[in-house]
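Trainee: Pasting a structure here, questions to come.
The values are calculated or read from the model by the stated rules, or taken from the named source; none is laboratory data. This one's a predicted model, so the numbers in the text were calculated from it and none came from an experiment. Neighbour counts are summed over all protein chains in view; Cβ atoms, including those assigned to glycine, are modelled from backbone coordinates with ideal geometry. The accessibility values were calculated without ligands, DNA or RNA, using every heavy atom of the protein model including side chains. Shrake-Rupley method; radii C 1.70, N 1.55, O 1.52, S 1.80 Å.
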Amino acid sequence: DEMQPSLPPGSSCPGPEWPEQERAEQLARGAALKWASGIFYRPEQLARLGQYRSREVQRTCSLEARIKSVVQSYLEGVKTGVWQLAQASEAVQGAREALGQAHGLLQGMEETTQTLKPLREQVAQHKQLRVLSQLLPRLWAVPAAVAHTQTLIDAQRLLEAYVCLRELEQLQEETWAPLEGLELPVFEGLGPLAEALGRAVETVAGAAGQLAREDPALLVAAVRVAEVDAGYMASLELAPRDWRQRCLQALQEGLERTHFGTPLLPEPGALAGWLEALRVALPAELAIAEALVAPCCPPHYKVVQLWAHTLHSGLRRCLQQLLEGPGLGAADAFTLLHWALHVYLGPEMMGSLELGPEADVSQLEPLLTLENIEQLEATFVAQTQANVTQWLQRALDGEVAEWNREQEPGTDSSGFYHSPMPAIVLQILEENIRVTSLVSESLQQRVHGMALSELGTFLRSFSDALIRFSRDHTSGEATAPHYVPYLLATLNHQSAFSSSVSGLQPEGAASGALAPVGTALDELQRRICRLVLEALLAELQPLFAALPSRRWLSSPELLDDVCERTARFCQEFRRVRNPAAQLLLAEAERMVVLQYLRALMQGRLVCRGAHERTQVAERLQHDAAQLRELFLGLGLEESVQCAPVLLALRDLLNLRDPMLLGLEVAGLRQKFPDVSEDHISALLDLRGDVSREQRLAALSSLQAGPQPSPSAGHRALFSLVPAPTPALSSCLPSGPCA
């Protein structure tokens with residue numbers, strides 16, 4: 001408490017001025033108390049209290065002295081700053097007074113200047129009058145010079161006109177500075193005069209091709225005027241008149257106007273002649289540019305390149321206009337495609353070896369865009385398809401009209417039925433495919449697809465016409481005198497199509513493209529064969545109605561009649577080319593055998609004993625041999641004949657022990673997989689000696705025996721022969737008839 005400093009007398013502040021000071025004081029007091037309590041905790045330390053007190057008094061005095069020194073230094077700095085501020089205030093006040101005096105003087109001078117303004121204007125006018133008096137003789141000559149320059153322009157003396165124009169413009173420039181930009185009325189004609197000279201330069205440049213041949217000096221003069229003026233305006237940093245650019249533009253416009261002007265666009269149907277004229281004119285124009293126009297122009301004009309690119313762009317734009325106009329015909333579309341893709345880029349035109357590298361044709365855009373090519377190809381294919389459809393329909397109508405003639409079909413040198421119709425149809429299609437190879441592979445593929453589609457449509461129409469022809473003949477509405485020969489002639493047509501259709505396939509085309517046409521041809525062949533066999537069946541059905549019978553057992557006359565009519569009918573097959581003739585013979589032989597089997601399955605005959613069964617077996621053997629000899633004589637190979645089925649039936653009917661029928665039925669099933677229970681039952685009925693138990697045992701062996709291989713390759717026989725439904729008592733419990 002004795003060490004705590006007391007407040008100065010008269011102080012009204014009971015505590016420190018700032019909170020930080022108060023906190024620092026508290027911390028110092030606490031630290032002092034802690035130190036004192038630690039020092040004087042022991043009694044023996046109290047003896048040294050005086051020493052501690054004197055030490056603290058000395059330290060306090062040292063601190064007070066240092067504080068006084070710092071405060072004194074701070075007060076001296078404040079005093080110096082206050083003095084400097086006073087000096088600055090006095091200086092600012094003096095400057096303010098000086099500025100006020102200068103402002104007053106300036107106001108007085110402005111009034112004096114206003115009084116001198118009329119005098120200054122008089123001086124300026126005097127200077128202008130002095131200049132005008134000096135230039136007056138030259139100014140008087142300006143109107144005459146303008147008229148003379150216009151005369152030179154009209155006379156196409158362009159260099160002289162440009163010199164006169166330059167002199168007049170120079171005189172105008174000499175008057176601008178002294179007259180401070182004042183425009184004299186005498187120079188008002190210079191602007192129109194310069195424009196007239198610029199138009200004259202454009203006109204000459206627009207006829208550069210013609211002038212290069214007739215008056216190259218005039219072309220050189222125009223180009224020199226444009227070039228000199230461009231350099232002159234650039235040197236004076238004046239706004240350019242763009243005569244050089246106008247000259248180049250006039251060169252391009254004149255060239256395009258000459259070859260691709262709107263009145264020169266071809267009329268419909270005249271495109272080939274127009275393109276042929278361009279084929280001659282454009283290379284000639286490029287040759288003139290290289291030989292005559294280029295020497296008349298500076299190198300940086302790149303005349304040959306300019307000519308080539310201008311002609312190309314003009315032709316490109318012209319073709320775009322042509323494509324946007326009325327639709328082109330097939331011939332015009334083909335001509336344009338061939339010309340643009342081959343002739344234009346060929347050695348006769350842009351690909352010519354005589355055309356130097358300065359033409360830079362490699363940078364030219366395609367003459368026709370992909371969209372243009374697609375449009376032209378679609379147009380050509382659509383119109384060609386319409387024409388092909390019409391031509392094929394005419395060929396078909398002409399062929400159908402001959403079917404009801406009184407004469408037989410014509411034959412070729414080999415004696416086969418022949419008609420020019422297949423050759424005409426294939427020639428039409430092949431010619432359209434071949435000619436498109438001159439244009440592009442894509443067009444050839446599209447026309448090839450169109451041709452195959454039209455051929456398929458034609459074959460279907462041909463087949464439909466055959467059906468109508470057969471229906472009218474069989475119904476009696478329009479009986480054809482030579483019905484079968486014309487059917488056989490159409491089979492030769494089908495063979496001609498089949499053997500020649502591969503010629504429609506271009507190189508590199510997909511091998512499966514002909515598959516639909518092949519299917520249509522196969523269907524046409526089957527339909528013709530069916531119609532021919534129906535005609536044969538109509539003759540044979542009355543004869544087979546008497547089979548089998550007692551008369552049939554005792555006499556071969558019935559089958560002799562069948563063979564006679566079949567032989568007479570099939571003699572016409574020699575007019576058919578192979579392999580169609582072999583196919584017809586094979587189908588005819590199978591049809592005769594099927595009718596024979598159908599007659600056996602009808603149940604018209606039941607053997608009364610072993611003797612009749614032997615007769616039936618012998619008759620079957622005899623008939624099989626007779627049919628075999630018949631068709632061998634007609635040219636049918638024995639390996640494809642179906643008559644051996646009669647021998648298999650003979651073995652079944654000639655079996656003496658009915659208990660062995662199961663083995664015979666199983667063997668028959670192995671040879672002819674399509675035989676059914678109904679057929680076996682009908683054959684057992686024909687035997688006449690099979691009990692119910694034996695029948696069931698035989699049918700059981702049919703199911704229990706080994707199944708025939710599906711890849712045996714047997715032709716269908718029994719599946720095409722309907723059999724009468726047997727009585728339920730003769731069916732197996734699990735059979736289809738049960």
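Trainee: In terms of modelled amide H atoms, which long-range or inter-chain residues lie less than 5 Å from the amide H of Thr411?
Mentor: His418
Trainee: Expressed as a whole percentage, what fraction of the accessible surface of region 546-705 belongs to carbon and sulfur atoms when a 1.4 Å probe is rolled over the protein heavy atoms?
Mentor: Carbon and sulfur together cover 50 percent of it.
Trainee: What order, most packed first, do the peptides 310-319, 632-641, 188-197 have when packing is the mean number of other Cβ atoms within 10 Å of each residue?
Mentor: Listed from highest to lowest mean packing, they are 310-319, 188-197, 632-641.
Trainee: Relative to the first principal axis of the alpha-carbon coordinates of the chain, what is the inclination of helix 303-324, with its axis defined by its Cα atoms, in degrees from 0 to 90 and to the nearest 10?
Mentor: 50 degrees
Trainee: Taking Cα pairs under 8 Å and at least six residues apart, what relative contact order does region 265-368 come out at, in percent?
Mentor: 41 percent
Trainee: Using a 1.4 angstrom probe and counting only protein chains, how large is the accessible area of Thr335 in Å², to 10?
Mentor: Result for Thr335: roughly 40 Å² accessible.
Trainee: Now a separate question. State whether region 265-368 is rounded, prolate or oblate according to the following rule on the C-alpha gyration tensor (a ≥ b ≥ c being the square roots of its eigenvalues): a/c under 1.5 gives rounded; otherwise a/b larger than b/c gives prolate, and the remaining case gives oblate.
Mentor: Since a/c reaches 1.5 and a/b is larger than b/c, the shape of region 265-368 is classed as prolate.
Trainee: For the pair Glu324 and Val640, how long in nm is the line joining their label points, each one 7 Å along Cα→Cβ?
Mentor: Distance between label points: 6.5 nm.
Trainee: Under a Cβ-only charge scheme (Lys and Arg +1, Asp and Glu -1), can you give me the dipole magnitude of the chain about the Cα centre, in debye to the nearest 20?
Mentor: Computed about the Cα centre, the dipole is about 2720 debye.
Trainee: So for each of 441-449, 366-374, 649-657 I average, over its residues, the number of other beta carbons within 10 Å; can you give me the resulting order with the highest mean first?
Mentor: Order by mean packing, descending: 441-449, 649-657, 366-374.
Trainee: Would you please name the trypsin sites (Lys or Arg not before Pro) within region 393-444 that are DSSP coil residues with at most 12 other C-beta atoms within 10 Å of their C-beta?
Mentor: When the trypsin sites (Lys or Arg not before Pro) of region 393-444 are filtered for loop state and at most 12 Cβ neighbours within 10 Å, Arg405 remain.
Trainee: With point charges of +1 on the Cβ of Lys and Arg and -1 on the Cβ of Asp and Glu, referenced to the Cα centre of the chain, which listed residue (Val225, Tyr486, Gln385) lies farthest in the positive direction of the dipole?
Mentor: Among Val225, Tyr486, Gln385, the one farthest towards the positive end of the dipole of the chain is Tyr486.
Trainee: When all protein chains stay in place, what accessible area (Å², nearest 10, 1.4 Å probe) is found for Ser701?
Mentor: The accessible area of Ser701 comes to roughly 30 Å².
Trainee: Starting from the residue with the highest accessible area, list Thr115, Thr80 in decreasing order, probe 1.4 Å.
Mentor: Ranking Thr115, Thr80 by accessible area, largest first, yields Thr115, Thr80.
Trainee: Using a 10 Å cut-off on Cβ atoms, rank the peptides 28-34, 685-691 from the highest mean neighbour count down.
Mentor: The densest-packed peptide leads the list: 685-691, 28-34.
Trainee: In region 487-547, which GluC sites (Glu not before Pro) are in a loop and have at most 10 other Cβ atoms within 10 Å, using DSSP for the loop call?
Mentor: Those that pass, being in a loop and sparsely packed, are Glu507.
Trainee: Please determine, in degrees from 0 to 90 and to the nearest 10, the orientation of helix 580-601 with respect to the longest principal axis defined by the Cα atoms of the chain, where the helix direction is its Cα long axis.
Mentor: 60 degrees
Trainee: Cα axis of helix 661-671 to longest principal axis of the chain: angle in degrees, 0 to 90, nearest 10?
Mentor: With both axes taken from Cα atoms, the answer is about 40 degrees.
Trainee: How much accessible area per residue does region 265-368 have, counting only protein heavy atoms and a probe of 1.4 Å, in square angstrom?
Mentor: Solvent-accessible surface per residue comes out at 47 Å².
Trainee: Right, another one. Tell me the relative contact order for the chain as a rounded percent, counting alpha carbon contacts under 8 Å between residues six or more apart.
Mentor: Relative contact order, the chain: 6 percent.
Trainee: Now, a different point. Taking semi-axes √(5λ) of the Cα gyration tensor in Å as the quantity of interest, determine which of [x] 42, 32, 27; [y] 118, 67, 19; [z] 69, 29, 18 was computed from the displayed structure.
Mentor: [y]
Trainee: Please list 3J(HN,Hα) in residue order for region 365-378, calculated via the Karplus relation 6.51 cos²θ - 1.76 cosθ + 1.60 where θ = phi - 60°; whole Hz, with x for glycine and proline.
Mentor: Per residue, the Karplus-derived 3J(HN,Hα) values read 6, x, 5, 10, 6, 4, 5, 5, 4, 4, 5, 5, 5, 4 Hz.
Trainee: Let me check I've understood the local charge: for Gln245, count other residues with C-beta under 13 angstrom from its C-beta, Lys and Arg +1, Asp and Glu -1. What total comes out?
Mentor: Spelling it out: positives minus negatives among the neighbours equals -2.
Trainee: Could you point to the residue in Cys296, Val163, Leu717 farthest towards the positive end of the chain's charge dipole, with +1 and -1 charges on the Cβ of Lys/Arg and Asp/Glu respectively?
Mentor: Value computed over the given set: Leu717.
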